[in-house]
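Written below as structure tokens is the structure these notes are about.
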Amino acid sequence: MKEITIYSPATSANLGPGYDIFGLALKEPYDLVTVEIIESSCKCCEKVKISVSGEKAEEIPLDPTQNTAGVVALKMMEDFNIQECIHIKIQKGIKPGSGLGSSSASCSGVAVAVNKLFELNLDDLKLIKYASLGEAVAAGAPHADNVAPGIMGNFTLTTSYEPLEVLNIPLDMDVVVALPNIQVSTKEARKILPQEIPLSKMVNNVGKATGMIHSIYNKDFENLGKYMMGDQVVEPCRATLIQGYDEAKVKVKDFAHGITISGSGPAIIAIPKNKECSSEIAKIFKEIWDCPIYETSVGKGAYEIKK
Ligand SMILES: Nc1ncnc2c1ncn2[C@@H]1O[C@H](COP(=O)(O)OP(=O)(O)O)[C@@H](O)[C@H]1O
Ligand SMILES: N[C@@H](CCOP(=O)(O)O)C(=O)O
């Protein structure tokens, strides 16, 4: 039967003051999402069968209504009255609960796969809309700041949710990412955030976020890193969940333009001043957390690969 395999990148959301708005696609790590059209012996069979391998596969639900990929596939198949049954095979290269959009990579990968397999011709914005529905299962809210870069690639700004509007900015930038062996669920990391903030903090965060956009267009990574570290709302809350983060911020100062929490954490992302500094940052992260480290860069959105 017909099948398609999608390379679905890790993504780093928020980037400091851009909570639920900014997101970056990364070249690595990544998931592979294969969707195959299968024969269904009887009508009562599940429309969507899921299998998962790789990083912490045993923690990923196989019930399509509880798996972020399954939720997206079921909605697309319902909306387009797709009668066939499918088998979604997810090879996890992105550790679940890491802060690198693992749940999101499944959403983006399956949205792109179903779109191509059934020739739906949906544009990126519609794919992001479908993919964000899967995030509601993992995070309790359909935030689009992982699936947007997951589908579009580069740097994305989700400027509006109702209606959904996403802007994409090409960005050629190296990053260093650490994956401390600490459990932080997005759902829990959202619950600890303040529901209301003083006007002064809004003024600060809007100022820093807009300063980041100005810096990207001017390829001014020094100021990009400075503004990225200026968040006064989310990062200070979540810093308390990641032991060693404050130490890392101090120790990378001479080698990084900036450092912040990736997504809801515990992943940490830093912008190196140059290639040599990248390996210095990696060494510092290794000393603090003794965990997987990625010296990578901003990458493309999900795309089909020929297996
Ligand atoms: N296809 C999937 N891939 C990864 N996680 C999934 C998937 N489906 C459901 N989940 C659940 O989502 C949670 C991970 O999502 P989250 O806490 O947002 O972290 P992250 O997306 O950064 O990995 C885990 O509890 C996992 O069981
Ligand atoms: N804006 C979201 C981003 C979550 O990213 P993840 O990689 O941790 O899933 C949030 O901060 O809750």
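The values are calculated or read from the model by the stated rules, or taken from the named source; none is laboratory data. Since the model is a prediction, treat every value here as computed from it, not as a measurement. When we count neighbours, we look across all protein chains shown, and the Cβ atoms used for this are built from the backbone with ideal geometry, even at glycine.
Of TYR161, TYR227, all but one fail to be surrounded by fewer than 17 Cβ atoms within 10 Å (Cβ to Cβ) and aromatic (Phe, Trp, Tyr); the exception is TYR161.
Among what's in region 102-136 and is acidic (Asp, Glu) and away from ligand 1 (no atom under 12 Å from the Cβ), pick the residue that is nearest to SER160 (Cα to Cα).
Our first condition is that a residue be acidic (Asp, Glu); within region 102-136, this holds for 119, 123-124, 135.
Those still in the list that are away from ligand 1 (no atom under 12 Å from the Cβ) too: 119, 123-124.
Working: GLU119: 28, ASP123: 17, ASP124: 15 Å.
Selected residue: ASP124.
Of all residues in region 54-76, those satisfying the criterion of being out of contact with any Gly (no Cβ under 9 Å at 6 or more places or on another chain) and either polar (S, T, N, Q) or farther than 18 Å from ALA136 by Cα (or both) are ALA57, GLU58, THR65, GLN66.
Out of region 212-235, which residues are of a type in the set (Gly, Ala, Ser) and either under 17 Å from ASP20 (Cα atoms) or assigned to a loop (DSSP other than H, G, I, E, B) (or both)?
Within region 212-235, GLY230 is the sole residue that qualifies.
Number of residues in region 243-281 that are part of a loop (DSSP other than H, G, I, E, B) and within 16 Å of ligand 2 (Cβ to nearest atom) equals 6.
Only residues that are of a type outside the set (S, T, N, Q) and farther than 22 Å from GLU188 by Cα were counted across region 218-256, and they come to 21. Of the strands (runs of 3 or more DSSP E) that lie entirely inside region 1-110, those containing 1 or more residues that are among the acidic types (Asp, Glu) and modelled with pLDDT of 95 or more span 3-14, 18-38. Against the definition (out of contact with any helix residue (DSSP H, G or I) (no Cβ under 6 Å at 6 or more places or on another chain) and closer than 27 Å to LEU241 by Cβ), how does ALA57 come out, yes or no? It is true that ALA57 is out of contact with any helix residue (DSSP H, G or I) (no Cβ under 6 Å at 6 or more places or on another chain) and closer than 27 Å to LEU241 by Cβ. Kindly check whether there is at least one residue in region 29-46 that is under 30 Å from GLN232 (Cα atoms) and in contact (Cβ under 8 Å) with a residue 12 or more places away in the chain. The answer is yes, given that some residue of region 29-46 is under 30 Å from GLN232 (Cα atoms) and in contact (Cβ under 8 Å) with a residue 12 or more places away in the chain. For ILE284, the conditions (1) more than 15 Å from ligand 2 (Cβ to nearest atom); (2) of a type in the set (Val, Ile, Thr); (3) not in a helix (DSSP H, G or I) all hold with the exception of (3). Look through region 69-89, keep the residues that are closer than 11 Å to VAL33 by Cβ and within 16 Å of ligand 2 (Cβ to nearest atom), and return whichever of them is surrounded by the most Cβ atoms within 10 Å (Cβ to Cβ). Only one residue fits best here, namely ALA69.
Please count how many residues of region 75-112 are among the hydrophobic types (A, V, I, L, M, F, W, C) and in contact with a strand residue (DSSP E or B) (Cβ under 6 Å, 6 or more places away or on another chain).
Of the residues in that region, 9 qualify.
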